[in-house]
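> This is the structure I have questions about; it appears just below.
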Amino acid sequence: MTGQYVRSKHRNRPWLHIFGIGLLLWVLTVVVTGLTGNTNLVPTVVLLGSFLVPVTFVVWLTQRPSPDFSAGRVIEAFIVGGVLGVLAASLLETYLLSPSVWMYLGVGLIEELVKALALMYIARGMERRTLRDGLVLGATIGFGFAAFESAGYAFNALITIHGLSLWQVVETEILRGVLAPVGHGLWTAILGGALFAATRNGRWRITGGVVLAYFGVVVLHSLWDSMHAIALLLVMALTETPGQHLLLRLGYVPKPTVLQTHLFTLINWVGLIVVSALGLAWLGSLRHRAQGVAPYPPATAQPEPGQ
């Protein structure tokens, strides 16, 4: 009886089955890699850890697909949309941005734009574009973007001045996996819902609501990326000592006090929680609006010949 219940639960919740099996495989791969030192397993650690949470959320989101959501379209949104988004963002950020106080704003403007363009490309041929479909398809592209981006971060964490560090890869993947649901997937879902809701007669429209959604998610994205810098500035403004001020003026990086270290961590995490809460509240309002509208209105009756 218990075995039948578990199997039934997995059939009803395939995302749970995928997450459980994927997590087990990732842990086993990390353990075997650590015990054997076999670097051939490192790509498996990177890919499993980077894609586990995004793929799980995409499966969860698409459990109630619309008529236009074929498996092919979902896979295309995740892989093609994610890869195109990462490539376009990398090119634009390399040639258009330079280190400045506005850099994170530029990153948000570019990455949210390329994900929106990828969404419009993936949605080609869809007969109906509802707000709910925009939320789901936008989130899928955002999670694809996040998965490929996380793989890059994990690879960079692997290489240190002391050689290859498996532990830093594990730390990076755990942190990005925990934060993935309130990152790219959330922001692109909001923008995708606004884009789809503004569509009329199969044509995209850049309405005031779309513009507001775009700049809104750009602000959330920019605040998220710059939270480390914001936390550092606040800590220094509140607790900087005369000695630290002098060292900074001379071009040296002062050693933080224990209080400053704890305060930095607190401000950073509180900031991330606030940004996440704002995004989730916005998404919740869009979901509530989507539930109040019939997602697939009946087709208009065609006139009989001769009428």
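The values are calculated or read from the model by the stated rules, or taken from the named source; none is laboratory data. Owing to the predicted nature of the structure, the values given are computational and were not obtained by experimental measurement. Protein only, heavy atoms only, side chains kept; ligands, DNA and RNA dropped before computing areas. Shrake-Rupley method; radii C 1.70, N 1.55, O 1.52, S 1.80 Å.
> With n ≥ 4 as the cut-off for DSSP H runs, can you work out [θ] at 222 nm for the chain, using -39500 (n - 2.57) per run divided by the number of residues, rounded to the nearest 500?
On the way: 13 runs with 224 residues, N = 307.
Mean residue ellipticity at 222 nm (helix-derived): -24500 deg cm²/dmol.
> To the nearest 10 square angstrom, what accessible area does L105 show with a 1.4 Å probe?
We get 70 Å² for L105.
> Tell me, what is the per residue accessible area of the chain in Å², probe radius 1.4 Å?
58 Å²
> With a 1.4 Å probe and all protein chains left in place, how much of the accessible area of the chain comes from carbon and sulfur atoms, in whole percent?
Of the solvent-accessible surface of the chain, carbon and sulfur hold 69 percent.
> Determine Rg/Rh for segment 235-283; Rg is computed over alpha-carbon atoms and Rh is the Kirkwood hydrodynamic estimate from the same atoms.
1.20
> For H184, what accessible area in Å² do you get when you roll a 1.4 Å probe over the heavy atoms of the protein chains, rounding to the nearest 10?
10 Å²
> Could you give me the percent of Cα pairs per 5 Å distance bin for segment 47-148, shortest bin first, beginning at zero and ending with the bin that holds the maximum distance?
P(r) over segment 47-148, rounded to whole percents: 2, 13, 23, 21, 17, 12, 7, 3, 1, 0.
> Right, something else. Mean projection of the alpha-carbon convex hull of the chain over all orientations, in nm²?
23.5 nm²
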